[in-house]
Amino acid sequence: MSTLTILTPANSASPASPVAPAAVPVTVPGTRASDDRPIPAVLGSDLEVPVRGGRLVRYANLDYAASAPCLEPVSAAVAAALPAYSSVHRGAGYASQLTTARYEQARHTVRAFVGARPDDSVIFTRNTTDATNLLARSLPEGTTTVVFDTEHHASLLPWDRVVRLAAPAFPGEAVRAVDDALASIDGPKLLVVTAASNVTGELWPIAALAHIAHRHGARVLVDAAQLVPHRRLNLTALDLDYVVFSGHKLYAPFGAGALIGRSDWLADAEPYLRGGGAVRAVNDDATEWHDDPEARHEAGTPNVLGAVALAAACDALTATGWTPLVREEERLLGRLRAGLASVPGVHELSLWGPDHPRVGIVSFVVDGFTAREVAEALSGDYGIGVRDGKFCAHPFVRHLLGAKDGGCDDVTASAVRASIGIGTTSEHVDRLIDALRDLASRG
């Protein structure tokens, strides 16, 4: 056995003191730090791209937080499913039966991957945004949602009745702000919070927040899009009500995501889409919808190959084991952050300081350059792919930069984001640091 940092409800705060650490070291049975579990490869590791002067260089993909490349086992699973591909459910033919079995097995795999309860629903969606909007349309009447301004727009925007909380100065303040907000709300309540920031990579104290939410009779939705590619998540152990994430960030870029969680709100809600598969019967003057939320909210022919790909990614990460994945990521992240700190004029963005636990995401600014200028130079001169802008988190990025609301097109209130994952190498990181040092010297 080995020790690594994952999200856990251990040492959650008591009701009298609702402050808990964002993450604690725990011993994880069944994992070990060894080199006999090879980390799976990604497609595109040999991609060459043109740079200024007409040369071709090996691409350094540092844009995983936007979309991760496809794992080879995921591509293989999709290729294996294609010859017998057919529409799922209600088909008597062999191909339909086989495809249905693969689709439903994918549902079980995703449920196990996040440690969901046996009676939790697993609804396949297009992505995290789609999954979050599905839940937003399923809330009981009069539900008030509490969400921080630090959230991705997918978590910030779908709600009809919402209380928005300012960016907290430290994790304990986040917990106290939620405690105060929920105490002042009557009726159904939902707390929406990210597990890992898509801007800074910082881990949020979701165990403590779930504890406080449940003390006030609220439910919790966790945006795990940026967490599950980097860390193990156990919905049951953390006592979460709902989790959403996307396949395209989990090395399965085939257009599928998932909403996993308690079935009752979903079973009582109007279907997210109305059409075939969501109904038990349609008569001249009435429609009887499915009671099962998984059928009720998956009208039409689903993205079977996307579900197969998502499950294959879950299987591949689980088979590899989190210890080697986390160890390699932390090595590369340490190298990246130390390198950025060594370049004059480069400033890393952080909500809770440099020592707070995080996944492999770093955002920064460079003195004398706009974020777009930096990103274009890194691509055009060095063959490095990063992201620039506000990362679909406009209020949060403005807060980190101390900028006023200058509108969506305000290029001065933008940053550069470098993100890493399976397939990232030391050479990629070093090339970025050398390129930034070169740019800073020109500036």
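Considering only segment 63-75, state which residues are in contact with a helix residue (DSSP H, G or I) (Cβ under 6 Å, 6 or more places away or on another chain) and either surrounded by fewer than 17 Cβ atoms within 10 Å (Cβ to Cβ) or assigned to a loop (DSSP other than H, G, I, E, B) (or both).
Listed by number, the residues that qualify are Ser67, Ala68.
Table: residues versus (1) of a type outside the set (Gly, Ala, Ser); (2) under 20 Å from Thr129 (Cα atoms); (3) in contact with an Asp or Glu (Cβ under 7 Å, 6 or more places away or on another chain).
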site	(1), (2), (3)
Asp160	yes, yes, no
Phe170	yes, no, no
Leu191	yes, yes, no
Thr194	yes, yes, yes
Gly201	no, yes, no
Ile206	yes, yes, no
Arg215	yes, no, no
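For the subset of segment 234-246 comprising residues that are surrounded by fewer than 24 Cβ atoms within 10 Å (Cβ to Cβ) and within 16 Å of the chain's Cα centre (by Cα), which member is nearest to Asp186 (Cα to Cα)?
In this case the residue turns out to be Leu235.
Conditions: (1) surrounded by 20 or more Cβ atoms within 10 Å (Cβ to Cβ); (2) modelled with pLDDT of 95 or more; (3) closer than 18 Å to Asp292 by Cβ. Val146 meets all but one. Number of the miss?
In the conditions (1) surrounded by 20 or more Cβ atoms within 10 Å (Cβ to Cβ); (2) modelled with pLDDT of 95 or more; (3) closer than 18 Å to Asp292 by Cβ, Val146 misses (3) alone.
From the list Phe396, Phe369, pick out the single residue that is touching a residue at least 12 places away in the same chain (Cβ under 8 Å) and either in contact with a His (Cβ under 8 Å, 6 or more places away or on another chain) or part of a loop (DSSP other than H, G, I, E, B) (or both). Even if it seems obvious, please write down each step before you answer.
On the way: Phe396 fails: either in contact with a His (Cβ under 8 Å, 6 or more places away or on another chain) or part of a loop (DSSP other than H, G, I, E, B) (or both).
None of the others qualify; the one that does is Phe369.
Among the residues of segment 130-140, how many are touching a Gly at 6+ places or on another chain (Cβ under 9 Å) and assigned to a loop (DSSP other than H, G, I, E, B)?
So the count comes out to 1.
Can you tell me which residue is surrounded by the fewest Cβ atoms within 10 Å (Cβ to Cβ) among those in segment 105-129 that are of a type in the set (A, V, I, L, M) and not in a strand (DSSP E or B)?
Per the stated criteria, the residue is Ala112.
Give the residues of segment 336-364 that are aromatic (Phe, Trp, Tyr) and assigned to a strand (DSSP E or B), sorted by residue number. Explain how you work it out, then say what you get.
Kept after step one, since they are aromatic (Phe, Trp, Tyr), are these residues of segment 336-364: 352, 364.
Residue satisfying the conditions is Phe364 alone.
A quick yes/no check of all residues on (1) surrounded by fewer than 24 Cβ atoms within 10 Å (Cβ to Cβ); (2) in a strand (DSSP E or B):
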residue	(1), (2)
Leu182	yes, no
Asp186	yes, no
Val199	no, no
His214	yes, no
Val220	no, yes
Arg232	yes, no
Phe254	yes, no
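Pull up segment 234-252, narrow it to residues that are part of a loop (DSSP other than H, G, I, E, B) and of a type in the set (A, V, I, L, M, F, W, C), then point me to the one that is farthest from Thr318 (Cα to Cα).
Top of the filtered list is Leu240.
The values are calculated or read from the model by the stated rules, or taken from the named source; none is laboratory data. As the structure is a prediction and not an experimental result, all values here were calculated from the model. Methodologically, a virtual Cβ is constructed for each residue, glycine included, from the backbone with ideal geometry; neighbour enumeration extends over all protein chains shown.
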